[in-house]
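Please read the structure below before turning to the comments.
The values are calculated or read from the model by the stated rules, or taken from the named source; none is laboratory data. For clarity, every value in this text was computed on a predicted model and none was experimentally measured. No Cβ is skipped: glycine too gets one built from the backbone with ideal geometry, and neighbour counts run over all protein chains shown. Quick note on the areas: whole protein, heavy atoms, side chains included, nothing else; ligands and nucleic acids left out. Shrake-Rupley method; radii C 1.70, N 1.55, O 1.52, S 1.80 Å.
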Amino acid sequence: QVELVESGGGLVQSGGSLRLSCEASGRTDSIYAMGWFRQAPGKERDFVAGISWSSGSTYYTDSVKGRFTISRDNAEMTMYLQMNTLKPEDSAVYYCAARRGILVKIVSNQYDYWGQGTQVTVSS
């Protein structure tokens, strides 16, 4: 079993920055790819960014390219999401996810483990 714990959410003004962290513990040797998803009220859980744990290859949804950066620290088994130039439409609960497959997937049901989520609110 793998446990994921997110931190770093909060309230920020439009144009501001936040850094989310996701620490993995347990059977982390079974993780090959991780990602960040977000879910706004009344909407589906959408892919934001993903990273291959071995190669470090990164993937982003178009709306965050150039503003968000995903990274990982293999030794600490921690994934990060640096979010800059935040917009009100970025407001959502952000979830960390991990999967046993080697490829980053953009569909939430392809992930095996989930964190509890952290709220990000961007005021205009």
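Note on the chain: with a GNM built from Cα contacts shorter than 10 Å, the maximum mean-square fluctuation among LYS43, LYS105, LYS87 falls on LYS43.
Looking at TYR111, CYS22, VAL64, which one has the Cα that reaches farthest to the positive end of the dipole of the chain (charges on Cβ: Lys, Arg +1; Asp, Glu -1)? Highest projection toward the positive end goes to VAL64.
Given a Förster radius of 35 Å and the C-beta distance between THR28 and SER124 as r, what FRET efficiency does 1/(1 + (r/R0)^6) yield to the nearest 0.05? Provide the component values of the computation, followed by the final result.
On the way: r = 39 Å, r/R0 = 1.11.
Once rounded, the FRET efficiency stands at 0.35.
Please compute the length gained on full extension between ASP62 and SER17, using 0.36 nm multiplied by the number of residues separating them and subtracting their Cα-Cα distance. Intermediate results must be reported in sequence, preceding the final value.
Values: separation 45, 0.36 × 45 = 16.20 nm, distance 1.83 nm.
Residue separation times 0.36 nm, minus the Cα-Cα distance, leaves 14.4 nm.
Remark: accessible surface ordering of ASP73, ASP46, ASP29, ASP90 (largest first) is ASP29, ASP46, ASP73, ASP90, probe radius 1.4 Å. Taken along the Cα-to-beta-carbon direction at a fixed 7 Å, the label points for GLU3 and SER52 span 3.1 nm.
Structural descriptor for the chain: relative contact order 36 percent, calculated from alpha carbon pairs under 8 angstrom and at least 6 residues apart.
Heavy atoms only, probe 1.4 Å: what % of the accessible area of the stretch 46-124 goes to carbon and sulfur, would you let me know?
On the way: 1760 of 3820 Å².
Summing carbon and sulfur atoms, their accessible area is 46 percent of the total for the stretch 46-124.
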